[in-house]
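The values are calculated or read from the model by the stated rules, or taken from the named source; none is laboratory data. Values in this document were obtained by computation on a predicted structure and should not be read as measured data. Note: ideal-geometry Cβ built from the backbone for every residue, glycine included; neighbour counts use all protein chains shown.
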Amino acid sequence: MLPSEERDKLQLRIQHAVGGFVDEPRSAVEEAAAAVDALAEQITETLGRRRGTLRASWQDASGGAATEDLRLALREYHRLAERLLSL
């Protein structure tokens, strides 16, 4: 759901937090919390953009989306729902 570069950065932040727990437990937990907050925000933004793109693919102003457009949109909604349900 996230670009690999962003995912890697967040994984490093979490690993850094875990590695620092022994020396600074509170700081480690605060760092992990901030990383998870950033992750949740990025996922929410990405999901919002994806939903907007999907909606635009089948819901035009005239309401005349072709059956194929609707089929493709349904397939993408299904894929997205499956990914979200697997979290």
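At a glance:
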| quantity | calculated |
| --- | --- |
| Hits in region 33-87 (condition: closer than 30 Å to R13 by Cα and either aromatic (F, W, Y) or in a loop (DSSP other than H, G, I, E, B) (or both)) | S86, L87 |
| Residues of region 27-79 classified as in contact (Cβ under 8 Å) with a residue 12 or more places away in the chain and among the polar types (S, T, N, Q), total | 3 |
| Scope region 1-56; condition surrounded by 11 or more Cβ atoms within 10 Å (Cβ to Cβ) and among the basic types (K, R); matching residues | R7, K9, R13, R50, R51, R55 |
| Residue in region 60-77 that is over 27 Å from E6 (Cα atoms), surrounded by 10 or more Cβ atoms within 10 Å (Cβ to Cβ), of a type in the set (S, T, N, Q) and at pLDDT below 95 present | no |
